[in-house]
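Enquirer: My questions will all concern the structure given below.
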Amino acid sequence: MKNSTIQIASLVVVAAVLFSANLGGYDLWPADEPRYAEVSREMLDSGNYLAPHVNGRPYREKPPLLFWAISAASIIPGEVTETSARIPSVLAALVVLVCTYLLASSLYGRQTALWSVIILATFSRFWWEARTAQIDMLLTACMAFAILMFWKWRQGHRMLFLLFFYLAIGLGVYAKGPPAIVFPALLIITFYWRDGENRKKTRWVYGLVFVAAFTALWLIPARMSVGAETEAAVQLDIGGNLFRQTIGRFLLGVSHAKPPWYYLVEALPLDLMPWTLFVPFTVLYVWRKRRDGEAIRFLLAWSMPALLFFSICIGKRALYLLPIYPALAILVARSVLDLIGREPVAWRKRTAMAWAAFLFLFSAAPFVLRFTDYSDAQSAALTGLGALAAVFGGYAVFDVVKNAGASLHKVIAIQISVLYVAVAFIVFPAINPYKSAREFCGPVARLTAEGTPFNLYSVGFSREEYIFYSRRFHTPLLTELVPLERPDGFESTSVAELQVTFRKSISDAAEEVPIDSLGSITSEELEALNTAIHAASEDLDYPQELLDAAQEGLKHALDVLSEESLGGEPSVIYIKDEDLRWLLPVAPVLGEYRVLREASVGSRDVLLLANAPGEALLKQHLRRETEQTRD
C-alpha cells in the first residue's frame, strides 16, 4: 500500500509538470477558451454564481461546474487569467490519472497501473485537453471516478460505492449535461447484457431520480435568479436550446457534422499518438483475451458502446470520446507490456522504426514552415526543436538495433514527454499571434482600462474572445441571420433557409468584386459592389414576398445600426472583412467609419473601425503600439 501511494504521488507530480508547463505563456484561443473564461469572469465580477452570463446576457449553452471551478481558481489572482482559466483542467486531469491508476491496479496490478497512467498522460489529445480551458476534462474526471466506484461496487456490492457512482454522474451533469448520463447508461446496458437480475441491483431507476434531484438543486434556483425581465425569453429558449445542444447536435448534425468513420479513421489515430503505433497489436491482444475474465469485458463495456454511439451520432468532435480514454489506456498498457516481453521481436522492431520515422518527419516541420503562410513564426527555437526531434529519432533507431526494442515503451514515454514540454514553451508562443485576439483588441482594452466612455459594437458576428480581451461588453448587430418577419402562409423552415441563402449569396457576390483597400474604397468600387449584391439577390429562386421581407428586414437592421452608431459619442466596431464588403453598399453609415486595424484572428479576417470621435481616442494608443513595435 505504501509503495502504491509513493508511485501515485510520483506520477501526479510528473504529470502536473507535464500538463502545466508554460500554462499561462500564451493567450486563450478561440473558440471555447475565451468563451468559458468570459463567462467565469462575469460570474466572478457580478457575484451571480447561479445563472451564467456572457456579454451581460444569460448563457444557457452549458452547465456551471467549469465556471465555478475557474472562478474559484481566479480568487487568488483577483481576476480570470490564462493560467487560472486552465487550472481546473489540469487538476481534473490529475484526478483522472489517480482514478485510472486505482482502477488498473485493481484489474491487473501495479505494473499495468503505472503504464496505464503514463500512456494516458501522454496521449496527445489527453495532454492537450489537460491544459485547455475546456469542459470535457472535468466531465472525464467525473466519469473516471464513476467507473472506479462502479467497479468497487461490483466487487463487494457496498451501497456506498453505488451512491458515489451516481453522485459522480450528477457532477458530470453539472459539467456537461446529458452526455454524463450516456456513458454510464451504456456501461450498465452492455455489461449486464442478458443479465437483468444483476442489472436491477444497480438501482438504475433510483439512480436517475437521484441525478435528476441533484441537478434540480442548481437548475431551479438558477431559473428563479434570471429575473422577471428575461424569464419569458429563457422559458422560450430552454426547449430549443436543449434540442440544439443534445438531440440536434448529436443526432441531426446541427453542429460539427462528420461521417460515421470519423473517430476510427480521423480522430483516434491522431489523438492517441504516439501510442497509436501500438494499436494494431492492441486490437489483436484484446481479441485473443476477450473471454479471459471480467476485467477486459468491463473495459470493453465502458469504451466500445460509447465509441459506437458517438460514431452513429452525426455531430462529432474528437474530445467527445475523452471519457473512454482511461479504459483505452489500460488496454494499450496491457498489450504494450505483453509486446515488450514477447518473442519474436518483429512487432517491436517495426513499431520502433515507425516511431523513429515519425520523429524524423516532426523534425522537418520547422523547415517546412518557411514555405507556408506562417513563415514569420520561424525562429531559432523552432529550429532547435526540430533538431531535438531528429536526435530522438536517431536514438530510437540506435535502441532498436542495440536492444531489439526491449525498452521501446520507456523511450517513447520519455521522448514524447520532453517534446510536449518543448512544444508548450516554443511552439505555442510562436503560433499565439495567429490564434489570439489580445493584440487586435489591445487599443480597445486600454480605453476600457482608462474608464473612457465609448460605444463598442460587433457587426456581423459576436465572439467571446473579443469581449474577453476588450474587457468590455459589446452591442451585437446583424450577428445571426438576415432578420425578417415570417410572412403569412410560409413555413418557418422556408424562412430560415432563405435567411441563410440570402446572406451567403450577397456575401459571396461581394467577395468576387476586386477591392484595393476597404479602408479607402472608391465610388467605382462601391458601385460595383452594389451591382453585384443587387444581381445576387434577384437571382435567388424564392417567392417575391419572401425576398421583399428579407430586404425589409435587412433595411430595418441597418437603420438600427445607423441610429446606434452615428451619434456624437465615440464608437468602435469589430467587423469581418467579408461582411464589410457587402454591408458598405447598403449601409452608408459604415462609410463614416475609418479602418484602423486589420488582422487575421484564428480563421477570421477582422477589422477595427471607428467614427471620428472614436478614432481620436484610439489614435494615441495605436501610435504607442507602433512605437513599441519599432523599438
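Enquirer: What label, among [x] 78, 59, 52; [y] 121, 62, 53; [z] 95, 57, 48, belongs to Cα extents along the principal axes in Å computed from the structure on display?
Expert: [x]
Enquirer: List the lysines whose Cα sits under 16 Å from the Cα of K152, skipping any in the same chain fewer than 8 residues away.
Expert: K152 reaches K201.
Enquirer: Modelled label-to-label distance, I189 and E79, 7 Å Cα→beta-carbon offset: nm?
Expert: 4.8 nm
Enquirer: So, one more: Distances longer than 14 Å among the Cα atoms of the stretch 396-459: what percent of all pairs is that?
Expert: 74 percent
Enquirer: What net charge do the residues around E578 carry, taking every other residue with its C-beta under 12 Å from that of E578, with Lys and Arg at +1 and Asp and Glu at -1?
Expert: Charge balance in the 12 Å sphere: -1.
Enquirer: Next question, about the same structure. Charges only on Cβ, +1 for Lys and Arg, -1 for Asp and Glu: so what's the dipole of the chain about the Cα centre, in debye to the nearest 20?
Expert: Roughly 4980 debye, rounded to the nearest 20.
Enquirer: Report, by chain and number, residues whose modeled amide H sits under 5 Å from the one on A257, excluding near sequence neighbours (fewer than 5 apart, same chain).
Expert: K316
Enquirer: Still on this structure: For each of E598, E33, count neighbouring Cβ atoms within 10 Å of the residue's Cβ, then give the residues from fewest to most.
Expert: Arranged by neighbour count, lowest to highest, E598, E33 become E598, E33.
Enquirer: Any chance you could check the Cα centroid distance between the stretch 95-121 and the stretch 127-147 for me, in angstrom?
Expert: The stretch 95-121 and the stretch 127-147 have Cα centres spaced 16 Å from each other.
Enquirer: Then there is this: Computed FRET efficiency, Cβ-Cβ of M224 and E569, R0 30 Å: what is it to the nearest 0.05?
Expert: FRET efficiency, M224 to E569: 0.25.
Enquirer: Mind checking Rg over Rh on the stretch 296-346, alpha carbons, Kirkwood formula for Rh?
Expert: Ratio of gyration radius to Kirkwood radius for the stretch 296-346: 1.13.
Enquirer: List the lysines whose alpha-carbon lies under 22 Å from that of K402, not counting same-chain residues fewer than 8 positions away?
Expert: Answer for K402, where 22 Å is the Cα cut-off: K349, K410, listed by chain and number.
Enquirer: Quick check: residue separation of R203 and L284 times 0.36 nm, minus the Cα distance between them. What number comes out in nm?
Expert: Separation in residues times 0.36 nm, less the Cα-Cα distance, equals 25.6 nm.
Enquirer: Compute the acute angle (0 to 90°) between the alpha-carbon long axis of helix 136-156 and the principal axis of greatest extent of the alpha-carbon atoms of the chain; round to the nearest 10°.
Expert: With both axes taken from Cα atoms, the answer is about 30 degrees.
Enquirer: Please say if the stretch 82-228 is rounded, prolate or oblate, where rounded means a/c under 1.5 for a ≥ b ≥ c the square roots of the C-alpha gyration tensor eigenvalues, and otherwise the choice is prolate for a/b larger than b/c and oblate otherwise?
Expert: Here the stretch 82-228 falls in the oblate category.
Enquirer: So, one more: For a quick check: sort E524, E439 by the number of other beta carbons within 10 angstrom, fewest at the front.
Expert: Final ranking by Cβ density, sparse to dense: E524, E439.
Enquirer: Let me ask something else about it. Round to the nearest 10 and give me the degree value, 0 to 90, for the angle of helix 380-403's Cα axis relative to the longest principal axis of the chain.
Expert: Approximately 20 degrees, to the nearest ten.
Enquirer: Okay, moving on. Multiplying the sequence separation of L160 and M353 by 0.36 nm and subtracting their Cα-Cα distance, what value in nm do you get?
Expert: Using 0.36 nm per residue and subtracting the Cα-Cα distance, I get 64.6 nm.
Enquirer: Report, in deg cm²/dmol and to the nearest 500, the calculated mean residue ellipticity at 222 nm for the chain, where each DSSP H run with n ≥ 4 adds -39500 (n - 2.57) and the sum is divided by the residue count.
Expert: -21000 deg cm²/dmol, from helical runs alone.
Enquirer: What number, in percent, do you get for the relative contact order of the chain if the mean sequence gap of Cα pairs under 8 Å and at least 6 apart is divided by its residue count?
Expert: 13 percent
Enquirer: Grab the other residues whose beta carbon is less than 15 angstrom from that of V80, score K and R as +1, D and E as -1, and report the net.
Expert: Within the 15 Å Cβ shell, the charges total -4.
Enquirer: Let me ask something additional. Could you calculate the FRET efficiency of E524 with E592 from 1/(1 + (r/R0)^6), where r is the beta carbon distance between them and R0 is 22 Å, rounded to 0.05?
Expert: 0.65
Enquirer: How much length would be gained if the chain were fully extended between T531 and I6, taking 0.36 nm per residue of separation minus their Cα-Cα distance, in nm to one decimal?
Expert: Length difference between fully extended and current span is 181.6 nm.
Enquirer: Under a point spin-label approximation (7 Å from Cα along Cα-to-Cβ), what is the A346-Y49 distance to one decimal in nm?
Expert: Going from the A346 label point to the Y49 one covers 6.2 nm.
Enquirer: In terms of modelled amide H atoms, which long-range or inter-chain residues lie less than 5 Å from the amide H of T475?
Expert: L456, Y457, S458
Enquirer: Same structure, new question: Taking a label point 7 Å from the Cα of Y374 along the Cα→Cβ vector, which residues of the stretch 125-149 have an amide N closer than 16 Å to it?
Expert: Residues 128 qualify, since their backbone N sits under 16 Å from the label point.
Enquirer: Which net charge results when you count Lys and Arg as +1 and Asp and Glu as -1 among the other residues whose beta-carbon is under 11 Å from that of D399?
Expert: Net charge in that neighbourhood comes out at +4.
Any read-out appearing in this document is the output of simple, stated calculations on the displayed coordinates, not a laboratory observation. Quick caveat: nothing in here was measured; it's all calculated off a predicted structure. All Cβ positions, even for glycine, are placed from backbone atoms using ideal geometry, and neighbour counts span all protein chains on display.
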